[in-house]
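Written out below as structure tokens is the structure these notes cover.
The values are calculated or read from the model by the stated rules, or taken from the named source; none is laboratory data. Because the structure is predicted, anything quoted here is derived from the model rather than measured. Methodologically, a virtual Cβ is constructed for each residue, glycine included, from the backbone with ideal geometry; neighbour enumeration extends over all protein chains shown. Each accessible area value is taken on the protein alone, full model and side chains, heavy atoms only, with ligands, DNA and RNA left out. Shrake-Rupley method; radii C 1.70, N 1.55, O 1.52, S 1.80 Å.
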Amino acid sequence: MTGKQTAEEPKHKKDLTRRKVVAVGAGAAAAVGLRGGFALNASADESATGASAGGSSAETCYRLTSETTEGPYYIDADKIRRDITEDKEGIPLTLSLKVIDSETCAPVRNAAVDIWHCDALGIYSGYESLSTGGGSAPTGTPTGAPPSGGTGGGGHEEPTDDKRYLRGTWKTDRHGRVTFRTIFPGWYRGRCVHIHAKVHVDGTWTDADYEGGHTCHTGQFFFAEEAVLAAAKVEPYSTSTTERTTLTEDTIYDQSGTTGGLLRLAYDRRHIAKGVHASITVGVDPDETHDGTDDGGQPGPSASASASS
């Protein structure tokens with residue numbers, strides 16, 4: 001693992017055997033409108049496996065397999081930080097994650113969690129010349145296909161520039177929790193709005209890095225259509241001329257709600273520009289390895305090479 005940082009704190013590798021993931025719902029199962037136009041949406045799979053250990057009675061464990069391709073634009077831990085915004089414009093987003101063991105529901109401590117996503121106009125840092133998004137002046141032809149093609153596993157591309165905005169890694173605390181500050185992602189043709197994530201375990205944290213270990217989860221988080229439509233009215237999202245793929249049209253999201261990575265969102269329905277809070281609990285089997293570069297994930301019944309990024 002390499003990298004410069006601004007604070008403190010990833011890496012991985014191994015072979016895949018299909019693994020279980022758990023998402024925890026916070027007791028809600030539908031979008032709920034609250035006083036003052038505040039919107040809270042939560043989704044949960046109906047097949048609960050029981051109450052989570054050490055959690056409140058409102059927490060229920062849901063078993064799933066939500067591994068997905070890492071896509072072509074992953075960069076291994078260049079920035080150890082919680083605020084990944086840099087100077088990118090967009091709706092403020094706080095992303096709160098909780099990582100638990102899929103068998104016991106116990107928190108996974110000191111895991112390295114990577115997240116990365118495109119900016120408000122669909123551009124990925126490190127790959128500005130390859131990214132397929134954009135607004136009034138899009139970069140390249142808008143498409144969801146990775147630049148070099150590939151299969152459902154997604155082919156990795158080497159970075160073409162040294163930008164690293166909207167990328168970062170941080171470690172989970174003793175409760176398995178980690179929080180990032182970023183912006184609401186934009187979109188590009190072929191994919192719905194999403195955030196990529198990896199969870200690394202069994203490595204060693206130093207004052208400036210995370211070394212060794214392996215990747216036990218590679219996945220993506222998704223946003224409800226209602227929130228995306230609201231965000232699309234706010235600049236700079238509103239300046240985009242790129243065709244948008246909806247949540248139901250996406251070939252990676254499996255339409256299963258929280259079990260498929262759908263985030264729980266909280267925001268002021270009338271003023272989404274003020275900010276959004278997104279959360280989800282992801283369970284992993286720490287003994288398994290999945291780096292997201294093969295076809296072992298479950299991208300959904302109609303997954304195709306055009307949805308690998």
*Sum of side-chain charges, Cys192 neighbourhood, beta-carbon under 15 Å (Lys, Arg +1; Asp, Glu -1)*: -3
*Ignoring everything but the protein chains, give the 1.4 Å probe accessible area of Leu95 in square angstrom, nearest 10.*
0 Å²
*Amide H neighbours of Arg82 under 5 Å, at least 5 residues apart or on other chains, H built in the peptide plane: list them.*
none
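Just to make sure I understand: if all protein chains stay in place, what is the order of Trp170, Trp116 by accessible area at 1.4 Å, largest first?
Working: Trp170 25, Trp116 5 Å².
Sorted descending by solvent-accessible area, the residues read Trp170, Trp116.
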*Thr241 versus Lys163, label points 7 Å from Cα toward the beta carbon: distance in nm?*
1.9 nm
*Please give the contour-minus-distance gain from Asp287 to Gln255: 0.36 nm per residue of separation, less the Cα-Cα distance, rounded to one decimal in nm.*
8.8 nm
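Excluding Ser129 itself, what net charge comes from residues whose Cβ is under 14 Å from its Cβ, given Lys and Arg +1 and Asp and Glu -1?
-4
Among Lys163, Lys171, what's the order by accessible area (1.4 angstrom probe), most exposed first?
From most exposed to least exposed: Lys163, Lys171.
What size of dipole, in debye to the nearest 20, comes out for region 145-265 about its Cα centre when the only charges are +1 on Lys and Arg C-beta atoms and -1 on Asp and Glu C-beta atoms? Kindly include the intermediate steps, with their values, before the conclusion.
On the way: 13 positive and 16 negative charges, 73 e Å.
Computed about the Cα centre, the dipole is about 360 debye.
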*Over 24 Å between Cα atoms, which of Lys233/Lys274; Lys171/Lys274; Lys79/Lys233; Lys98/Lys233 qualify?*
Lys171/Lys274; Lys79/Lys233; Lys98/Lys233
